[in-house]
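Asks: One structure follows; several queries about it will come next.
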Amino acid sequence: MTLSASTLVLNRHWMPVHVTTVRQALILAYAGRAHIVCPETYTPHTFDDWLNREIADGARSIQSLHFKIQAPEVLVLSSYAKVPPRGVVFNRFNLSRRDGNACQYCGARLPLDKLTIDHVVPQSRGGETSWENCVLACMRCNNRKGSRTPAEANMKLSRLPERPDWSPRYAAYARSNRPGSWSRFIPAAQLVACELT
């Protein structure tokens, strides 16, 4: 359904800050809180300008009893200037994305519910719960390692754990069906990282 399709939201400095629905994007534009960005020319339009504009060939549109309007792909806010934090939140889902749903000791690819979070330096020895000290491990490898370090357990990590440099903010929207106009605002490296999931 077109009204629930995704629209990229930019702050007033044209930096991506959010993804919303076409419905919400049209409400923001109608209220004068944002401008709709033309995907061909990247020029901002008020709601009235956008409403009176000819719909591009092949573009998604919304039809009502009184008008037909092209669905916005990108929206720029009129006054919001903040930039969301770029860091990746440490959680089980993002850890699974970083480690590719694979045990970092034996390499077995398993569903997330069959993997555990292993502390490389065990918590009993002061190891922190952080990007740099946690990896995914299958239950067999985690049990074998126990409360030892990998060296003590004679186990080798496939790679050292580190904080990822991608952002999951657009992961759900960065698949191949994303509008081409988004690539101008979301770095290609970020989209590639999102598509690896």
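What follows is calculated from the coordinates using simple rules that are stated; it is not laboratory data. Quick caveat, the model's predicted, so the values are computed rather than measured. Heads up, the Cβs are rebuilt from the backbone with ideal geometry, glycines too, and the neighbour counts pull from every protein chain shown.
Asks: Under unit Cβ charges (Lys, Arg +1; Asp, Glu -1), what dipole magnitude, rounded to 20 debye, does segment 2-84 have relative to its Cα centre?
Replies: Computed charge dipole of segment 2-84: roughly 340 debye.
Asks: What distance in nm lies between label points placed 7 Å from Cα along the C-beta direction at residue 41 and residue 143?
Replies: So the two model labels end up 6.7 nm from each other.
Asks: Continuing with this model, one more query. Which whole-Hz couplings ³J(HN,Hα) result when phi for each residue of segment 46-54 is put into the Karplus expression 6.51 cos²θ - 1.76 cosθ + 1.60, θ = phi - 60°, listed in order with x for Gly and Pro?
Replies: 3J(HN,Hα) across segment 46-54, in whole Hz: 6, 4, 4, 4, 5, 5, 8, 7, 6.
Asks: Considering only 127, 38, 26, whose Cα is most displaced toward the positive end of the charge dipole of the chain, charges sitting on Cβ of Lys, Arg (+1) and Asp, Glu (-1)?
Replies: It is 127.
Asks: Find which of 90, 10, 142 sits farthest along the positive direction of the dipole of the chain, computed with +1 on the beta-carbon of Lys and Arg, -1 on that of Asp and Glu, about the Cα centre.
Replies: Value: 142.
Asks: Under the rule of at least 5 residues apart or a separate chain, name every residue whose amide H is placed under 5 Å from the amide H of residue 21.
Replies: Close amide H contacts, sequence-distant or interchain: 7.
Asks: Go ahead and run the numbers for FRET between residue 133 and residue 23, Cβ-Cβ distance against an R0 of 41 Å, rounding to 0.05.
Replies: After rounding to 0.05, the efficiency reads 0.45.
Asks: Same structure again: Fully extended, how many nm does the chain gain between residue 67 and residue 92 (0.36 nm per residue separation, minus their Cα-Cα distance)?
Replies: 4.4 nm
Asks: Using 0.36 nm per residue of separation minus the Cα-Cα distance, give me the extension gain between residue 112 and residue 56 in nm, one decimal.
Replies: 15.9 nm
Asks: Could you check the simple spin-label distance between residue 1 and residue 80, using points 7 Å along Cα→Cβ, in nm with one decimal?
Replies: Spacing of the two 7 Å Cα→Cβ label points: 2.3 nm.
Asks: What FRET efficiency would be calculated for the residue pair residue 158, residue 184, taking the C-beta separation as r and a Förster radius of 30 Å, to the nearest 0.05?
Replies: That gives a FRET efficiency of 0.25.
Asks: When only Cα pairs under 8 Å and 6 or more residues apart are kept, what is the percent relative contact order across the chain?
Replies: It comes to 19 percent, rounded to a whole number.
Asks: May I pose another question? If each residue's Cβ is checked for other Cβ atoms within 10 Å, how do 160, 65, 28 rank with the fewest at the top?
Replies: Sorted ascending by nearby Cβ count, the order is 65, 160, 28.
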